[in-house]
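Asker: What follows is a single structure, and I will ask about it in a moment.
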Amino acid sequence: MKKVRFGFWLPIFGGWLRNVEDEQMEATFAYNRKVAQRAEQIGFDITLLAELNLNDIKGATAPVLECWTTSAALASVTEKLEFMNAIRPGFRLPAITAKMAANIDQIAGGRFSLNIVSAWWEQEMREYGGAWVAHDERYERTREFIEIMCGMWTEEEFSYEGKYYRVEKAHLNPKPARKPWPTLYAGGESEGAKQMISKYCDGYLMHGDPPENVRRKVADMEQRRRELKLEPMLYGIAGYAICRKNESEVQREIERITDVKDTAGYFGFKDFTTQSKLERELSLRDYSVSNRGLRTGLTGTPEQIAERIIEFCNAGVEIFLLQMSPMLEEMERFAEEVMPLVKEGMRDEG
């Protein structure tokens, strides 16, 4: 039986829709705790916490939670949920990050992983004093960052000297609970990103895309792994889910959330499209929903969505990182109406 893990983006931004001001979810710890605790009760396996100091969805002045302190707090009040924290080298030192990650992994009992994000948002770097480097150079810096973290997690005494970082006879205890280290995920569509990810990471995360495109991406990354004589990777995809009784209800909701308006949520569009090397052109309508989520096509009746998920699984995807709005209500619907159909369909396929 093929594996499938249902995940979600923790709504630390207060929503996922750039042109809908009030999505009935608050960017507060109390709301996110409620989401995390309920999610693991109804069958969700993993949650991704974005590391953004500015609110990418609702505008630069809107509230957004800091992801590392949030995950540490949530790890202590959950039992099964895995926390996938984003980490951006431009804002952190690798040895200290390794220490923080090991500590949260201990709190969580091995339920911690990392999403390595080489960064794209120049405005945020200026506001928060991050170390901005050009696109291709980011992945060389990220490589050093990962090498240092892995060395700190596995060696009793570790030294490293690179172009961007240096550590000298460093010690880290306690080590992470998960061995040899927390699972390392990353995403990226440029050649430099794919080279780095295929060699140094355990999993590859993709923005929203249809199954035929995902199948090609998975095949490409698996070929790279074989050439490196490495084990197969884990593959995850972002998706925005709209589960309704019929097509007319689905279309009404799509029109509502993609009705492009002049709102604060679009202010990062230029940085995202010019500082990232994307495989496909991104329109403002696509950008209305976070992470190109509608392109994944997880919209329709429960039966249609379940069929689509199984199609992705057959293309190599194991982890689905979902966004919905409003989060709590739609997660309940998804868990009740879609998840059982997916599990039944996966059993039927063997």
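Asker: Quick one: how many Å² of residue 25 are accessible to a 1.4 Å probe, rounded to 10?
Answerer: In the full protein context, residue 25 sits at about 10 Å².
Asker: Suppose we keep just the DSSP beta bridges with both residues in segment 147-238; what percent of those would be antiparallel, to 5? Walk me through the intermediate numbers first.
Answerer: On the way: 3 of 9 bridges.
Expressed as a percentage, antiparallel bridges in segment 147-238 total about 35.
Asker: Using the Karplus equation 6.51 cos²θ - 1.76 cosθ + 1.60 (θ = phi - 60°), what ³J(HN,Hα) coupling, rounded to whole Hz, does each residue of segment 10-27 give in order, writing x for Gly and Pro?
Answerer: Karplus-based 3J(HN,Hα) across segment 10-27 equals 5, x, 6, 8, x, x, 10, 10, 7, 10, 10, 5, 10, 9, 6, 9, 9, 7 Hz.
Asker: Still on this model: Ignoring everything but the protein chains, give the 1.4 Å probe accessible area of residue 22 in square angstrom, nearest 10.
Answerer: That residue has around 120 Å² of solvent-accessible surface.
Asker: Give me the log10 of I(q) over I(0) for segment 133-218 at q = 0.11, 0.25 Å⁻¹, as the Debye formula computes it from C-alpha points; what are the numbers?
Answerer: So the normalised log intensities are -0.39, -1.23.
Asker: Can I ask one more? Over all directions, what mean area does the Cα convex hull of segment 9-79 project, stated in square nanometres? All intermediate terms of the calculation are to be shown ahead of the outcome.
Answerer: Details: hull surface 18.4 nm².
Across all orientations, segment 9-79 yields a mean hull projection of 4.6 nm².
Asker: For the chain, what is the percent of antiparallel DSSP beta bridges, rounded to the nearest 5? Could the numbers behind the result be given before it?
Answerer: Values: 4 of 36 bridges.
Expressed as a percentage, antiparallel bridges in the chain total about 10.
Asker: Sticking with this structure for a sec: Where the centre of each part is set by its Cα atoms, how far does segment 115-138 sit from segment 24-97, in angstrom?
Answerer: Their Cα centres are 20 Å away from one another.
Asker: Scattering from the C-alpha atoms of segment 77-190 alone, worked out with Debye: what is log10 I(q)/I(0) at q = 0.12, 0.14, 0.16 1/Å?
Answerer: Debye intensities relative to I(0), on a log10 scale: -0.43, -0.59, -0.75.
Asker: Return one quarter of the surface area of the convex hull spanned by the alpha-carbon atoms of segment 307-350, equal to its mean projected area, in nm². Mind showing how you got there, number by number?
Answerer: Numbers: hull surface 12.7 nm².
In nm², the orientation-averaged hull projection of segment 307-350 is 3.2.
Asker: Run the accessible area of segment 33-144 with a 1.4 Å probe and give the carbon-and-sulfur part as a rounded percent.
Answerer: Numbers: 1980 of 4030 Å².
Answer for segment 33-144 is 49 percent, counting heavy atoms of protein chains only.
Asker: Using only protein heavy atoms and a 1.4 Å probe, report how much of residue 196 is accessible, in Å² to the nearest 10.
Answerer: Taking all protein chains as shown, residue 196 has close to 10 Å².
Asker: Per residue, how large is the accessible surface of the chain? Use a 1.4 angstrom probe and give square angstrom. Show your work: numbers first, answer last.
Answerer: Numbers: 14840 Å² over 350 residues.
For the chain, the per-residue accessible area is 42 Å².
Asker: Please state the relative contact order of the chain as a whole percent: Cα pairs under 8 Å, 6+ residues apart? Each step should come with its number before you reach the end.
Answerer: Numbers: 662 pairs, mean separation 75.9, N = 350.
Answer for the chain is 22 percent.
The values are calculated or read from the model by the stated rules, or taken from the named source; none is laboratory data. These numbers were taken from a predicted model, which means no experiment stands behind them. Quick note on the areas: whole protein, heavy atoms, side chains included, nothing else; ligands and nucleic acids left out. Shrake-Rupley method; radii C 1.70, N 1.55, O 1.52, S 1.80 Å.
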